1. Does any residue in region 17-33 that is within 15 Å of Leu52 (Cβ to Cβ) come within less than 8 Å, Cβ to Cβ, of a residue that is in a strand (DSSP E or B) and among the charged types (D, E, K, R) six or more places away or on a different chain, and which pairs are these?
2. Thr50 passes all but one of (1) in contact with a Ser or Thr (Cβ under 7 Å, 6 or more places away or on another chain); (2) of a type in the set (S, T, N, Q); (3) closer than 16 Å to Tyr18 by Cα; which number fails?
3. Kindly state which strands (runs of 3 or more DSSP E) lie completely within the chain and contain at least 2 residues that are of a type in the set (S, T, N, Q).
4. So how many residues does region 27-43 have that are open to solvent by less than 50 Å² (accessible area, probe 1.4 Å) and either more than 17 Å from Met1 (Cβ to Cβ) or over 10 Å from the mean Cα position of the chain (by Cα) (or both)?
Amino acid sequence: MTVEIELLRQSKTELLVYSLDGILITTFVDNLEIEAGHYSYSSFMEMKGTYLVVLKSGGETKVKKILII
């Protein structure tokens, strides 16, 4: 699985993946100060299913649903 993000400004950032029942699966970024830019994070997670990718940065939270088949 590869997750790509675009940060418009430097800020403390978290990038997490959860199962649909709220279990934390993996942490790509754990409350780090990251500069603005485009980033790509990869994991060798091969479990089939639907997951929620949560990006917290600059006081905002964005959630995307992904499907691994």
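1. The qualifying pairs are Thr27/Glu14.
2. (1)
3. 11-19, 24-34, 37-42, 49-57
4. Selection size over region 27-43: 3.
Quick grid of which residues meet (1) modelled with pLDDT of 95 or more; (2) among the small types (Gly, Ala, Ser); (3) exposed (fewer than 11 other Cβ atoms within 10 Å of the Cβ):
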{"position": "Gln10", "(1), (2), (3)": "yes, no, no"}
{"position": "Met45", "(1), (2), (3)": "no, no, no"}
{"position": "Gly49", "(1), (2), (3)": "no, yes, no"}
{"position": "Gly58", "(1), (2), (3)": "no, yes, no"}
{"position": "Leu67", "(1), (2), (3)": "no, no, yes"}
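The values are calculated or read from the model by the stated rules, or taken from the named source; none is laboratory data. As the structure is a computational prediction, the values presented were derived from the model and not from experiment. Using ideal geometry, Cβ is built from the backbone for each residue, glycine included, and neighbour counts are taken over all protein chains shown. What goes into the accessible areas is simple: the full protein's heavy atoms, side chains included, and nothing from ligands, DNA or RNA. Shrake-Rupley method; radii C 1.70, N 1.55, O 1.52, S 1.80 Å.
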